[in-house]
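Supplied in C-alpha cells, the structure appears directly below.
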Amino acid sequence: MSDKLKNAKIIFVVGGPGSGKGTQCEKVVAKYGYTHLSSGDLLRAEVASGSERGKQLSAIMQKGELVPLDTVLDMIKEAMIAKADVSKGYLIDGYPREVKQGEEFEKKIGAPSLLLYIDAKSETMVKRLMKRGETSGRADDNEETIKKRLDLYYKATEPVIAFYQGRGIVRKIDSEGSVDDVFSNVAKAIDSLK
Ligand SMILES: Nc1ncnc2c1ncn2[C@H]1C[C@H](O)[C@@H](COP(=O)(O)OP(=O)(O)O)O1
Ligand SMILES: [Mg+2]
C-alpha cells in the first residue's frame, strides 16, 4: 500500500459501456471535489502520446479486449499520487473490470469504501454508445466492438459486483433515467459515506 494514499477515500464506479459512468463522475467532481480517474481515458491518453506502450495498447483496445492488469494499475496509481495533496477522494471509473483487478488494486493502493454500480439495460447502453460514436472519435464506439465490450462486461465485470456485494459496499444506481435523476441517487450514495 502506498503511504501517500493511505487515508484516501476510494469509490469504484462500475457499469457497462455506455451506462453513464463518465457522465456521473463529472458531476461528482463538480459537487464534491473528487478526482475522476477513468482507466479508459488514461489508456487512451497513453495511446495518443504515440509511445511504444501506447501502440501495443491501441491494438488491444480496438479489439474490445482488456489490457494487461499491471499496465492499468500502474497508470491509475501514478495518477492518484499526482493528485494526493488536493483530492477529496477518488472516483475510479471503469475499474476493476474483473475480480483479479480489484484484488490487485487493494494490494497496491487501498480498499474502496463504496462501489457505485451504474446499471442500464443493454439496449440502452447500445443506443447511447452508437450516439456517442457519432462524435466521440473513439475507435471502439462501433457496432461490432460494442457487442464484444458488452459480452465481456457481463462475463468479467458482473462477478466484480457480486464480490463487493459480499462486503456490503455496493450501491446500485438505476441509470435509465435522465442524467440529473441518476445523479440525485449517486449523490445520496456518496452522502451516506460521511
Ligand atoms: N442518463 C443518461 N441519459 C441519456 N444519455 C446519457 C445518460 N448518461 C450518459 N448518457 C450519454 C452520454 C454519452 O454520450 C453516452 C455514454 O455515457 P458515458 O458517461 O460516456 O458512459 P460510460 O463512461 O459508462 O461508458 O450516453
Ligand atoms: Mg467512460
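The values are calculated or read from the model by the stated rules, or taken from the named source; none is laboratory data. Because the structure is a prediction, the values reported are computed rather than measured. Glycine also receives a Cβ, built like all others from the backbone with ideal geometry; neighbour counts cover every protein chain displayed. All accessible areas refer to the heavy atoms of the entire protein, side chains included, with ligands and DNA or RNA removed. Shrake-Rupley method; radii C 1.70, N 1.55, O 1.52, S 1.80 Å.
Quick one: in region 61-89, which of the residues that are under 18 Å from the mean Cα position of the chain (by Cα) and β-branched (Val, Ile, Thr) is farthest from ligand 2 (Cβ to nearest atom)?
Per the criteria, the residue is Ile81.
Mind checking whether some residue in region 47-59 is under 23 Å from Tyr117 (Cβ atoms) and within 16 Å of ligand 2 (Cβ to nearest atom)?
no
While we're here: Go through region 169-190 and give me each residue that's crowded, with 16+ Cβ neighbours inside 10 Å and within 16 Å of ligand 2 (Cβ to nearest atom).
Ile173, Ser175, Val182, Phe183, Val186
Any idea how many residues of region 117-168 are open to solvent by 20 Å² or more (accessible area, probe 1.4 Å), in contact with an Asp or Glu (Cβ under 8 Å, 6 or more places away or on another chain) and not in a helix (DSSP H, G or I)?
Residues flagged as open to solvent by 20 Å² or more (accessible area, probe 1.4 Å), in contact with an Asp or Glu (Cβ under 8 Å, 6 or more places away or on another chain) and not in a helix (DSSP H, G or I) within region 117-168 amount to 2.
Only one of these is surrounded by 13 or more Cβ atoms within 10 Å (Cβ to Cβ) and in contact with a strand residue (DSSP E or B) (Cβ under 6 Å, 6 or more places away or on another chain): Gly94, Gly89. Name it.
Going through Gly94, Gly89 in turn, just one is surrounded by 13 or more Cβ atoms within 10 Å (Cβ to Cβ) and in contact with a strand residue (DSSP E or B) (Cβ under 6 Å, 6 or more places away or on another chain): Gly94.
State whether the residues of region 2-10 include one that is within 16 Å of ligand 1 (Cβ to nearest atom), in a loop (DSSP other than H, G, I, E, B) and out of contact with any His (no Cβ under 7 Å at 6 or more places or on another chain).
Within region 2-10, none of the residues are within 16 Å of ligand 1 (Cβ to nearest atom), in a loop (DSSP other than H, G, I, E, B) and out of contact with any His (no Cβ under 7 Å at 6 or more places or on another chain).
Additional query: Residues in region 131-142: is at least one among the polar types (S, T, N, Q) and near ligand 1 (Cβ under 10 Å from one of its atoms)?
Checking region 131-142: at least one residue is among the polar types (S, T, N, Q) and near ligand 1 (Cβ under 10 Å from one of its atoms).
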